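This report concerns only the one structure given below.
The values are calculated or read from the model by the stated rules, or taken from the named source; none is laboratory data. It should be emphasised that the depicted structure is a prediction, and the values quoted were computed from it without experimental measurement. No Cβ is skipped: glycine too gets one built from the backbone with ideal geometry, and neighbour counts run over all protein chains shown.
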Amino acid sequence: MDAELEVANPGPRITGHNFAAWAAEARELTRLAVPMAATQLAQMIILATDTVMLGHLSKEALAAGAIGNTVFFFIWLLGTGPVSAVSPMIAHVVGRHGSIGAAARKSGSREAANRFFVRTRDQREVRFVVRMGLWSVAMMSPPLLAALFFTRDILLVLQQEPKLAADAGIYTAALAFGLPCSLAFQVLRNFSTSLSRPIPPMVVMGLAILFNALGDYTLIFGHFGFPRLGLVGAGFASASSNLFTLVTMAVIALRLPVLRPYHILHRFLQPHWRSLVELFHLGLPIGVTMLFEVALFNAATLAMGTFGIAALAAHQIAITIPSLTFMVPLGIGLAGTVRVGLAAGAGDRYGARRAGFTAMGLGLVFMLCAALVLLLFPHSIAMLWLPDSADNRDVLALAVTFLHVAAAFQLMDGLQVTASMSLRGLKDARGPMWVAGASYWLAGAPMCALLGFGLGMKGLGIWLGLAFGLLVAAVLLTTRFAILSKNPAPAR
């Protein structure tokens with residue numbers, strides 16, 4: 001019975017409307033959010049490691065790696081919709097069954113409680129979701145990989161410099177085989193975190209940082225007897241680290257006592273159409289929502305390429321820092337998805353509302369601290385990428401300007417992502433999709449074009465336009481959660 005309880009228990013149920021209940025929710029959400037945010041940071045550190053080492057190779061290599069990562073990440077996002085839907089679907093299943101088990105125990109029926117825990121220990125619905133999540137990766141990877149091999153042509157169509165486009169194409173070709181591995185890892189990660197087990201993915205990603213850094217050092221610069229591969233070496237190192245995370249996380253999912261009873265590979269070739277349909281029904285709007293936002297930032301990177309190598313290199317330096325800080329509220333938001341989903345699945349309207357607003361508050365507190373760091377130390381931060389020399393001063397000056405703007409939009413960025421993730425916990429996907437489209441492409445993109453090109457502000461105008469889009473998104477998404485969490489839709 002103890003082992004069954006360990007598997008079935010998604011975390012404490014928090015009741016009440018007083019300060020103690022909110023504090024308890026903050027503690028439980030933080031317990032989940034810290035390792036989840038660390039996992040997100042680890043993923044970004046891997047990319048940052050590539051750019052730092054490529055920056056020490058040359059400015060040209062840094063720019064090519066930046067533009068190549070932009071294309072890779074955009075194509076990767078096309079496959080993440082159904083993968084992202086794994087988390088709220090499992091949270092609703094666990095929350096719903098948890099409430100059934102609590103009712104059985106309260107009724108005093110030991111037999112009913114035992115039946116519940118036996119059923120949840122080998123939870124078929126969770127296994128179906130994980131299995132179909134992996135199926136979705138297998139279904140989407142071939143066309144995504146095909147698109148990735150046309151990176152050079154895509155960039156030429158987008159009017160990037162031919163040498164830059166060719167180098168970026170070489171980099172992404174080496175990086176390509178890591179794409180399905182990364183998506184499959186995300187499925188297993190969401191499986192673990194949705195069961196309130198966020199530590200294993202964090203440990204895996206921490207090891208991946210070391211794996212990737214060693215690979216970069218070895219293959220980019222040609223150490224330990226290996227050839228000096230430059231951009232190709234950076235791509236191979238990152239792809240290998242993706243394979244490492246998938247294999248390691250799969251072993252954990254199959255062997256860890258808390259996760260093993262779900263038997264995620266049992267009858268792996270047998271379809272479960274209802275779960276697959278729901279993954280795509282919920283996941284496609286999630287994927288489009290992320291694409292709206294990331295596409296705007298990717299378009300900003302491409303626009304920077306039209307202003308020259310210095311502007312693009314400065315943009316890559318400056319965007320990496322808020323991308324890293326963004327991982328923390330994203331991790332908080334992912335924990336919010338789980339907590340909101342558990343409460344919504346159990347029919348606890350107020351608990352879902354409390355979990356969402358707690359996630360938003362924690363995200364705001366962290367981003368306030370991040371904004372202060374960016375305001376106080378922009379030049380020191382930029383010098384992590386490029387040394388302060390006569391050849392690099394134009395890049396560093398632009399990077400400092402961009403980091404000042406990044407400091408200004410930190411709060412709105414943290415608020416919009418935690419609100420969006422909290423809505424995901426309510427299984428609200430289509431509303432945030434339309435909000436994201438309007439915020440980033442009817443507000444942010446026109447402002448970027450007006451300020452950057454129309455008024456001749458170039459890079460600074462692009463960054464101010466990005467800030468405006470995030471502001472609009474934060475206001476609309478927070479308002480939507482406040483409205484929907486008063487009367488959330490019934491869990492399916």
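All told, Ala38 meets the bar of being within 15 Å of Arg189 (Cβ to Cβ), part of a helix (DSSP H, G or I) and not hydroxyl-bearing (Ser, Thr, Tyr). Just wondering, is there one or more residues in region 265-277 that are within 30 Å of Trp434 (Cα to Cα), basic (Lys, Arg) and out of contact with any Phe, Trp or Tyr (no Cβ under 6 Å at 6 or more places or on another chain)? Yes, the conditions are met somewhere in region 265-277. Scanning region 349-364 turns up at least one residue that is within 30 Å of Pro88 (Cα to Cα), in contact (Cβ under 8 Å) with a residue 40 or more places away in the chain, more than 24 Å from the chain's Cα centre (by Cα) and surrounded by fewer than 21 Cβ atoms within 10 Å (Cβ to Cβ). Selection of region 120-136 for residues being surrounded by fewer than 24 Cβ atoms within 10 Å (Cβ to Cβ) and either without any contact (Cβ under 8 Å) to a residue 60 or more places away in the chain or over 24 Å from the mean Cα position of the chain (by Cα) (or both) yields Arg121, Asp122, Gln123, Arg124, Glu125.
Do we have any residue at all in region 480-491 that's modelled with pLDDT of 90 or more and surrounded by fewer than 16 Cβ atoms within 10 Å (Cβ to Cβ)? Yes, the conditions are met somewhere in region 480-491. Just so you know, in region 213-262 the residues that are among the β-branched types (Val, Ile, Thr) and under 24 Å from Asp167 (Cβ atoms) include one that is nearest to the chain's Cα centre (by Cα), and it is Val232. In region 374-392, of all residues being without any contact (Cβ under 8 Å) to a residue 40 or more places away in the chain and surrounded by 14 or more Cβ atoms within 10 Å (Cβ to Cβ), the one that is farthest from Ala314 (Cα to Cα) corresponds to Leu375.
Any idea which of Lys486, Lys427 is more than 19 Å from Leu291 (Cα to Cα) and either assigned to a loop (DSSP other than H, G, I, E, B) or out of contact with any helix residue (DSSP H, G or I) (no Cβ under 8 Å at 6 or more places or on another chain) (or both)? The conditions single out Lys486.
Determine whether Ser141 is crowded, with 23+ Cβ neighbours inside 10 Å, at negative phi and not β-branched (Val, Ile, Thr). So Ser141 does not fit the description; no.
Yes/no matrix, rows are residues, columns are (1) crowded, with 17+ Cβ neighbours inside 10 Å; (2) among the polar types (S, T, N, Q):
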{"site": "Val251", "(1), (2)": "no, no"}
{"site": "Pro257", "(1), (2)": "no, no"}
{"site": "Leu269", "(1), (2)": "no, no"}
{"site": "Leu282", "(1), (2)": "yes, no"}
{"site": "Pro285", "(1), (2)": "yes, no"}
{"site": "Phe292", "(1), (2)": "yes, no"}
{"site": "Ala295", "(1), (2)": "yes, no"}
{"site": "Asn298", "(1), (2)": "yes, yes"}
{"site": "Thr301", "(1), (2)": "yes, yes"}
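Restricting attention to region 170-202, the residues that are of a type in the set (S, T, N, Q) and part of a loop (DSSP other than H, G, I, E, B) total 1.
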